[in-house]
């Protein structure tokens, strides 16, 4: 007999005077912290000052959060946030009652755009190019994405489509339907992508132009995001459309990433 797993953990680890430490926030930070130590080895390998790494971490955090937040508000809930613009950048909800919410609602496509802007600004303050920073970020970014998917799992959010597979989960915070645990699928997929990017970066080190590693990562990530949307609950799905918003935003990632990966596939001989 088919029996789904009921999953309903408290997303809050501890709460103190109205401020809550959430599993999502902890896992989000964990991805950045581990990524920092991975990047440290890459910086040491290329003999780049660790002061540049400290700046990169700061720009990465700010660019990711702001980009992901603004992207989510613009791409997925523009009608609401156009009437509550302060809630885009502030971690509060003002109506119907004042509430500290944190930054709920982050879009990975927005985070990508935020990082592009952040590294463009960072490149102007250092001796490295924007593409160089993007290559380094691409090597560890999938690990951060894997951690974020675990955070989504603890929040019972971004759930999958209804299913009768033996490993289905019921998320009572959503409904009583057995669903694909797409958060766990995403964790496994992104963790695999992380190990692939570590291997690929080592394989092509010194052989390709700046931006190549990022382009490969971008294209693969777009393909993965596009495919996994077919088994998600479509919060922003248009029944008359073959694809949803997330898939539409993934198409430029796939195409531009593949084209740029080909263009940067080898260094020009001197």
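The values are calculated or read from the model by the stated rules, or taken from the named source; none is laboratory data. None of the values given here were measured: they were computed from a predicted structure. Here the Cβ positions follow ideal geometry from the backbone for every residue, glycine too, while neighbour counts run over all protein chains shown.
Structure notes:
- Here residue 207 does not fit the description of being modelled with pLDDT under 95, more than 26 Å from residue 252 (Cβ to Cβ) and either part of a helix (DSSP H, G or I) or touching a helix residue (DSSP H, G or I) at 6+ places or on another chain (Cβ under 8 Å) (or both).
- Some residue of region 70-84 being assigned to a helix (DSSP H, G or I), farther than 28 Å from residue 193 by Cβ, in contact with a helix residue (DSSP H, G or I) (Cβ under 9 Å, 6 or more places away or on another chain) and modelled with pLDDT under 65: yes
- Counted residues, region 139-162 - those being surrounded by fewer than 18 Cβ atoms within 10 Å (Cβ to Cβ) and out of contact with any helix residue (DSSP H, G or I) (no Cβ under 6 Å at 6 or more places or on another chain): 1
- Of residues in region 14-56 being closer than 30 Å to residue 179 by Cα and loosely packed, with under 14 Cβ neighbours inside 10 Å, the one nearest to the chain's Cα centre (by Cα): 21
- Residue check: residue 240 meets all listed conditions (1) modelled with pLDDT of 95 or more; (2) assigned to a loop (DSSP other than H, G, I, E, B) but one, namely (1).
- Residue tally, condition more than 17 Å from residue 119 (Cα to Cα) and either at pLDDT 80 or above or surrounded by fewer than 15 Cβ atoms within 10 Å (Cβ to Cβ) (or both), over region 57-69: 0
- Test: residue in region 86-95 that is within 21 Å of residue 192 (Cβ to Cβ), modelled with pLDDT under 90 and in a helix (DSSP H, G or I): no
- Condition check for residue 168: surrounded by 18 or more Cβ atoms within 10 Å (Cβ to Cβ) and modelled with pLDDT of 95 or more: no
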